[in-house]
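Notes to accompany the following structure.
The values are calculated or read from the model by the stated rules, or taken from the named source; none is laboratory data. This one's a predicted model, so the numbers in the text were calculated from it and none came from an experiment. Cβ placement follows ideal geometry from the backbone for every residue including glycine, while neighbour counts extend to all protein chains displayed. Accessible surface areas use protein heavy atoms only, side chains included; no ligands, DNA or RNA. Shrake-Rupley method; radii C 1.70, N 1.55, O 1.52, S 1.80 Å.
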Amino acid sequence: QVQLVESGGGLVQAGGSLRLSCATSGFIFGTSTMAWYRQAPGNNRELVARISSAGSTNYVDSVKGRFTASRDDAKNTLYLQMNSLKPEDTAVYYCKYASSFLTYWGQGTQVTVSS
């Protein structure tokens, strides 16, 4: 079955960096578009970054120039490098895979940025 497991979250001061990972299994990762989302308390879940199977990326405006999504197809793992973190980046971060029929989410990893 499809599994997505995020890790790498934590507490960091404003201006700091974190690298999130999403280990996957149960589907053909190398041909799949993957995405990172986040959800802050009281807010809807929002798309942060998307990366195609070819490695093309796009980002929400608020993280452009600070976050970088990448993938290692040999390890079936998705990454999100987050630099220059701001308090408004505080949220639970999720990776997402959407097949032709279903959407799968990981359990999320908490990122907290203190001012």
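Here is how the numbers come out for the structure above:
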| read-out | value |
| --- | --- |
| Distant-in-sequence amide H partners of residue 33 (H built 1.01 Å from N, under 5 Å) | 53 |
| In Hz, Karplus ³J(HN,Hα) per residue of the stretch 9-26 (6.51, -1.76, 1.60; θ = phi - 60°; x = Gly, Pro) | x, x, 9, 9, 7, 3, x, x, 9, 9, 10, 8, 10, 9, 7, 10, 7, x |
| Estimated dipole of the stretch 1-105 in Debye, rounded to 20 [Cβ of Lys and Arg +1, of Asp and Glu -1, Cα centre] | 60 |
| Solvent-accessible heavy-atom area per residue, rounded to whole Å², over the stretch 19-115 at 1.4 Å | 51 |
| Percent accessible area from carbon and sulfur atoms, the chain, protein chains only, probe 1.4 Å | 47 |
| Calculated from backbone phi, Karplus (6.51, -1.76, 1.60) coupling profile of the stretch 72-86 in Hz, x at Gly/Pro | 10, 5, 5, 9, 6, 10, 10, 10, 9, 8, 10, 10, 6, 5, 10 |
| Inter-site label distance for residue 114 and residue 19 at 7 Å from Cα along Cβ, in nm | 2.4 |
| Longest exposed-site-free window of the chain, the sites being trypsin sites (Lys or Arg not before Pro) in a DSSP loop that have at most 16 other C-beta atoms within 10 Å | 1-44 |
